[in-house]
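Visitor: For reference, the structure I am asking about is given below.
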Amino acid sequence: MGRFKSNKKGRVNVKPIVKKNQANVDHVTGDKIPKSFVFSRMKLPGPVRQLQMDLRKLMLPYTALSLKEKKRNTLRDFLNVSGPMGVTHFLMLAKTASALSLRVARTPQGPTLTFKIHQYSLASDIAQSQLRPRCPQDLFKSPPLIVLSGFGSQELHLKLATIMFQNIFPAIDINTVKLSTCQRLVLLNYNKDTKLIDFRHYSIRLQPVGVSRRIRKFVQNHQVPDLRNLQDVSDFVTKAGYGSESEGDEEAATVTLSSDLGRVNRSSTKSAVKLQEIGPRMTMQLVKVEEGLCSGGIIFSEYGKSC
């Protein structure tokens with residue numbers, strides 16, 4: 001992606017950042033891979049500015065992480081450079097005295113979905129609440145998977161929300177996808193009673209079933225264990241507290257791998273699927289759908305008439 005800088009005339013210049021081996025075309029659909037800009041056209045308070053940065057990290061690797069916007073930049077400025085850079089979606093945060101909102105728009109002609117954010121937690125808040133936060137260096141090298149729950153309604157605005165979120169990340173082919181690229185998951189759950197959407201972002205990891213944490217760490221890290229207090233090396237495996245407990249043996253949470261993944265998850269063996277929240281977390285409500293890019297006819301409005 002690229003980095004924006006504004007010149008004295010208020011126009012936007014693009015300073016491209018070339019990433020090696022980054023594909024531009026989806027091998028599943030043949031379409032261009034969806035890319036995004038996450039920005040705001042107003043000054044944001046500190047916590048909301050950090051939420052914007054968290055959303056940029058979530059959208060990696062197909063987004064502009066170091067995007068620099070200026071107050072005088074207009075929506076047209078961003079739109080003018082989105083085409084040459086292959087940007088397909090805008091995510092725009094806005095904060096007023098009464099509400100915090102997120103607009104998700106398809107470029108260049110819309111539609112635009114406006115969500116009111118009722119509550120949010122930053123990625124740092126999620127990490128501080130966990131005993132063992134997990135964020136490996138290569139976690140953001142591949143885009144996340146997306147799972148939508150509760151969006152099966154026939155209402156037009158929910159159908160549009162489903163299409164928007166399904167197309168904001170690259171499609172995957174379950175027959176050819178590499179398991180090593182499936183490291184994150186974005187979950188959106190719609191509650192038809194409250195009309196609220198729970199937005200969650202998780203990391204995905206696999207653990208071999210029936211293998212203790214000590215043995216797993218030993219295989220992964222190739223570190224010689226401390227055996228000074230043991231009578232025999234077999235005690236490292238059999239002694240209570242070492243090899244007697246294994247994690248994630250529940251049948252409902254296990255999968256059989258079709259290929260090797262790492263040092264301990266081997267092909268044709270069962271591994272437990274573990275999800276760990278990494279944030280950001282949001283509770284939001286769809287309040288408006290516009291035909292165009294932040295303009296045009298109102299397809300849906302939670303508070304007024306729609307066309």
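Visitor: Given a Förster radius of 35 Å and the C-beta distance between residue 192 and residue 131 as r, what FRET efficiency does 1/(1 + (r/R0)^6) yield to the nearest 0.05?
Guide: Efficiency computed from Cβ-Cβ geometry: 0.50.
Visitor: Give me the extension gain from residue 178 to residue 68: residue separation times 0.36 nm, minus the current Cα-Cα distance, reported in nm with one decimal.
Guide: Numbers: separation 110, 0.36 × 110 = 39.60 nm, distance 3.36 nm.
Residue separation times 0.36 nm, minus the Cα-Cα distance, leaves 36.2 nm.
Visitor: For the stretch 174-190, what does the Karplus curve 6.51 cos²θ - 1.76 cosθ + 1.60, with θ = phi - 60°, yield as ³J(HN,Hα) per residue in whole Hz, taken in order and with x for Gly and Pro?
Guide: My calculation for the stretch 174-190 gives 5, 7, 10, 5, 7, 4, 5, 8, 8, 10, 9, 9, 10, 10, 10, 10, 9 Hz in order.
Visitor: Could you list, in their original order, any pairs among 68/141; 32/71; 116/159; 141/178; 35/270 whose Cα atoms are separated by more than 24 Å? Walk me through the numbers on the way to the answer.
Guide: Working: 68/141 22 Å; 32/71 30 Å; 116/159 18 Å; 141/178 13 Å; 35/270 35 Å.
Distance filter (> 24 Å) returns 32/71; 35/270.
Visitor: For the stretch 100-183, what does the accessible surface come to per residue with a 1.4 Å probe? Please give it in Å². Intermediate values should be presented prior to the final figure.
Guide: Details: 4770 Å² over 84 residues.
Ligands and nucleic acids excluded, the result is 57 Å² per residue.
Visitor: With the calculation restricted to Cα positions, what are the radius of gyration and Dmax of the stretch 97-213 in angstrom?
Guide: Computed over the Cα atoms of the stretch 97-213, radius of gyration and Dmax are 17.0, 54 Å.
Visitor: Could you work out how much longer the chain between residue 275 and residue 159 gets when fully extended? Use 0.36 nm per residue separation minus the Cα distance between them, nm to one decimal.
Guide: 39.0 nm
Visitor: Evaluate 2.2 N^0.38 Å with N set to the residue count of the stretch 55-107, then give the Cα radius of gyration divided by it.
Guide: 1.21
Visitor: A follow-up question, please. Taking amide hydrogens as modeled 1.01 Å from N in the peptide plane, which residues meet the under 5 Å criterion relative to residue 33, leaving out close sequence neighbours?
Guide: 25, 26
Visitor: Mean 1/r over all different Cα pairs, inverted: what Kirkwood radius does the stretch 25-141 give, in Å?
Guide: Evaluated over the stretch 25-141, this radius sits at 15.7 Å.
Visitor: Put +1 on the Cβ of each Lys and Arg and -1 on the Cβ of each Asp and Glu in the stretch 79-220; which of 179, 84, 145 then has its Cα farthest toward the positive end of the dipole?
Guide: Of the options given, the answer is 179.
Visitor: I'd like the accessible area for residue 281: 1.4 Å probe, protein heavy atoms, all chains in place, Å² to the nearest 10.
Guide: 80 Å²
The values are calculated or read from the model by the stated rules, or taken from the named source; none is laboratory data. Just so it is clear, the structure is predicted and the values come from calculations on it, not from any experiment. Using ideal geometry, Cβ is built from the backbone for each residue, glycine included, and neighbour counts are taken over all protein chains shown. Surface areas here come from the heavy atoms of the whole protein model, side chains and all, with no ligands, DNA or RNA. Shrake-Rupley method; radii C 1.70, N 1.55, O 1.52, S 1.80 Å.
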